[in-house]
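A quick write-up on the structure given underneath.
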Amino acid sequence: MSVLLIAEHNNSNLKVFTLNAITAASKIDQEINVLVAGNKCANVAKEVATIPLVKKVLCCDSPSYENFLPENLAPLISKLSESHSHIIASANTFGKNFMPRVAALLDVSQISDVIKINSPDEFVRPIYAGNAFATVKSNDKKKCVTIRPTSFDPASTSGGTAELEKIDPIDVPSISKFVKREETKSERPELGTARIVISGGRGMQSGDNFKLINSIADKLNAAVGASRAAVDAGYIGNDHQVGQTGKVVVPDLYIAVGISGAIQHLAGMKESKIIVAINKDGEAPIFSIADYGLEADLFEALPQFLEELNKLNTIQK
Amino acid sequence: MKILVAVKRVIDYNVQIRVKDDGSGVNTDNVKMSTNPPDDNAIEEAVKLKESGKAKEIIAVTIGEDKAQETVRKALAVGVDRGIHVKSDSYIEPLGIAKILKKVVEKEKPDLVFLGKQAIDDDCNQTGQMLAAMLGWPQGTFASKVEHKDKIIEVTREVDEGLETIQINLPAIITCDLRLNEPRFASLPNIMKAKKKPIEQLNAKDFNVDISNRIQQLKVEEPPKRKSGIKVASVAELVSKLKNEAKVI
């Protein structure tokens, strides 16, 4: 048995969720080989080689992998899978895009979004937006698995000396072309990895009112999130959306402001360590999962919140 | 251009699901069912392409028990031309669904196949990508914008970092995000007219593909409950609790 793990990167740096996937992989087998496929990505391969849990880094450098088009990646991964029992990637938009393509080429049923590994063939995964957990056993010879990154700790990144191996690219007809990527730029931490997230819902009433949220986010070094209702109402861009159809976040502290707590929102944040709800409707479902609930008008509570934070001598960053 | 749209009948997104006591699954008896939400976006996008003159015919296909036909009927009521119902009374994994859809594609020869990006019941997010791989077609997943340019489709995709734009050759698979469009409601006259539109009846068994399930569901359980929290009386108390009790700020 051995694991082929597909690294996510931007050709110069490794993306952190790869480290969480490596921890998950280590619960399956100690023989972990990581594929770094990209264009001029030698630095990423070197970075991966320092991760102690990694046995070998397979580096496939070619312009055709520069933008990780699944039409090009899947044939390479399925070829490399010949010598591996498990193929693993993160269950984010990176892994979700190519892994089912690999699984189909191998005639394997993929196990998506795994949150717990019981054994090399038994996994726990959320279904119905996290409202139920299914324990499943794969009877396929090879297993294609995507990992929910926030369910596993990141692997340590120093001290390893994994072997580097060059892999030849695979020629495939070009049927897709990358055009552009528009990354959301922000001074604040990224929503998916922030230690604190503060989110606003429909109760914010306007996009302008999000400045109340923003000033607290700045004070706490938090990421700003939103419910789908707030996004649909146009208060804030959809890259801020937390929920089943947005991002799943697991911060140490999640502050939900003017969010009633629709099932689809809860699915994206209910694994957070501490949850705070501020809502003027005392019956709002969000209170049923909040560690600390404050029944109050947010337009009074948020300025007070900022004032109280300003009084503190120190704030953890 | 000819478009195929794949739709799935699932528990309505507003229903709070209940896990069966024996851990064998989720209760679906007497529960409101609907079309999987992003599948509605898939239908809407196809209908818009027809309205703009770029598509000539739209076919909706579903795989499932008899009642799954409701989702095809609903698609017919908003502008889809005809339907296909592939009957199966047991659960088929995305891999098997993709194999059946491949056969449907080979027979109908559409230029584009639209699917929802994910079903909200099993949350697999696989079928579209698998179908694309089996056909050797390109894919545009999690699409929030679709622009048809002659033999090419430009797709804007919702990715973790923001947005990504790609161009894919036709024929192609597109899986739709909820933000792609605003699905329309069917008018009563159109619902009546849809009753006369044809739905071809097929059976999953007759497709001659291996749809055996590879994954055994050992048990389904409720997620661990959070212990119930407390209500605080003031913002000052909240901040004090966060600082001194939870120690998170």
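Throughout, read-outs are computed from the coordinates displayed, never taken from laboratory work. What you are looking at is a predicted structure, and each value in this text was computed from that prediction instead of being measured. When we count neighbours, we look across all protein chains shown, and the Cβ atoms used for this are built from the backbone with ideal geometry, even at glycine.
In µm²/s, what is D for the protein assembly as shown at 25 °C and 0.890 mPa s, where D = kT/(6 pi eta Rh) by Stokes-Einstein and Rh is the Kirkwood radius from Cα pairs? Roughly 100 µm²/s, to the nearest whole number. Compactness ratio for the stretch A:3-166: Cα radius of gyration over 2.2 N^0.38 Å (N = residue count) comes to 0.95.
Would you kindly calculate the translational diffusion coefficient of the stretch B:14-67, applying Stokes-Einstein with the Kirkwood radius from alpha carbon pairs, for 4 °C and a viscosity of 1.567 mPa s, and quote it in µm² s⁻¹ without decimals? Roughly 91 µm²/s, to the nearest whole number. Taken one residue at a time, the phi angles of the stretch A:46-60 give Karplus couplings (6.51, -1.76, 1.60, θ = phi - 60°) of 5, 4, 5, 5, 8, 7, x, 6, 8, 8, 9, 10, 9, 10, 10 Hz. Gly and Pro are set to x.
The rule of thumb for compact globular proteins, 2.2 N^0.38 Å, goes into the C-alpha radius of gyration of the stretch B:47-102 1.27 times. Each of A:Glu187 and A:Glu283 was given a label point 7 Å from its Cα along the Cα-to-Cβ line. The distance between the two points is 4.2 nm. Between amide H atoms placed 1.01 Å from N, distances below 5 Å from B:Val159 occur with B:Glu164, all of them 5 or more places distant or on a separate chain. Using the Karplus curve 6.51 cos²θ - 1.76 cosθ + 1.60 with θ = phi - 60°, work out ³J(HN,Hα) for each residue of the stretch B:133-142 in order, rounded to whole Hz, and write x for Gly and Pro. So the J values, rounded to whole Hz, are 5, 5, 8, x, 9, x, 10, x, 8, 6. Whole-Hz Karplus values for the stretch A:3-12 come out as 9, 9, 10, 9, 6, 9, 7, 10, 6, 10 Hz, taken residue by residue from phi with 6.51 cos²θ - 1.76 cosθ + 1.60 and θ = phi - 60°; glycine and proline positions read x. The amide H of A:Ser260, built 1.01 Å from its N in the peptide plane, has A:Arg202 as neighbours under 5 Å, considering only residues 5 or more places off or on other chains.
Full extension of the chain segment joining B:Gln216 with B:Glu154 gains 18.5 nm, where the gain is 0.36 nm per residue of separation less the Cα-Cα distance. Within the straight-line cut-off of under 23 Å between alpha carbons, the lysines reachable from B:Lys227 are A:Lys116, A:Lys270, A:Lys273, A:Lys280, B:Lys20, B:Lys241, B:Lys243, B:Lys247, sequence neighbours fewer than 8 places apart in one chain being disregarded. Spread over its residues, the convex hull of the C-alpha atoms of chain A is 141 Å³ per residue.
Antiparallel versus total DSSP beta bridges in chain A: what percent is that, nearest 5? Expressed as a percentage, antiparallel bridges in chain A total about 20. Only helical runs count toward this figure. For chain B, summing -39,500 (n - 2.57) over DSSP H runs of n ≥ 4 and dividing by all residues gives -7000 deg cm²/dmol at 222 nm. The calculated FRET efficiency for the pair A:Phe299 and A:Asp232, based on their C-beta separation and a Förster distance of 25 Å, comes to about 0.75. With a simple spin-label model that places each label point 7 Å from the Cα along the Cα-to-Cβ direction, the separation between B:Lys225 and A:Val16 comes to 3.4 nm.
Mind scanning A:Lys40/B:Lys102; B:Lys103/B:Lys193; B:Lys32/B:Lys99 and naming the pairs with a C-alpha gap bigger than 31 Å?
Details: A:Lys40/B:Lys102 36 Å; B:Lys103/B:Lys193 29 Å; B:Lys32/B:Lys99 28 Å.
Over 31 Å apart, Cα to Cα: A:Lys40/B:Lys102.
With unit charges on the beta carbons (Lys and Arg positive, Asp and Glu negative) and the dipole taken about the Cα centre of the protein assembly as shown, which residue among A:Ile274, B:Leu238, B:Asn30 sits farthest to the positive side? Of the options given, the answer is B:Asn30.
For A:Glu31, nonlocal amide neighbours, meaning residues 5 or more places apart or on other chains whose placed amide H falls under 5 Å from its own, are A:Val3.
Please identify, among B:Lys193, B:Lys102, B:Lys145, the residue showing maximal mean-square fluctuation in a Gaussian network model of chain B using a 10 angstrom Cα cutoff. Highest fluctuation of the listed residues: B:Lys193. For B:Asn203 and A:Asn313, the FRET efficiency from 1/(1 + (r/R0)^6), where r spans their Cβ atoms and R0 equals 56 Å, is about 0.20. Computed extension gain for A:Glu122 through A:Asp218, at 0.36 nm per residue and net of the alpha carbon distance, reaches 30.3 nm.
Here the convex hull built on the C-alpha positions of the stretch A:196-311 has a volume of 87 cubic angstrom per residue. Beta bridges from DSSP with both residues in the protein assembly as shown: antiparallel share about 35 percent, rounded to the nearest 5.
When the charge dipole of the protein assembly as shown is built from unit charges on Cβ atoms (+1 for Lys and Arg, -1 for Asp and Glu) and taken about the Cα centre, the candidate among B:Ile199, A:Val250, B:Leu49 whose Cα reaches farthest toward its positive end is B:Ile199.
The mean number of partner chain beta-carbon atoms within 10 angstrom of a residue's beta-carbon across peptide B:20-26 is 2. Computed on chain B, the Cα convex hull volume stands at 190 Å³ per residue. Estimated from helical segments only, the mean residue ellipticity of chain A at 222 nm is -7000 deg cm²/dmol, where each DSSP H run of four or more residues counts as -39500 (n - 2.57). Using the beta-carbon distance between B:Ser90 and B:Asn190 and R0 = 35 Å, what value does 1/(1 + (r/R0)^6) give for FRET efficiency, to the nearest 0.05? It comes out at approximately 0.60.
Projecting each Cα onto the charge dipole of chain A (Lys/Arg +1, Asp/Glu -1 at the beta carbon, about the Cα centre), which of A:Gly237, A:Ile170, A:Ser288 comes out farthest on the positive side? Positive-end residue among those listed: A:Ile170.
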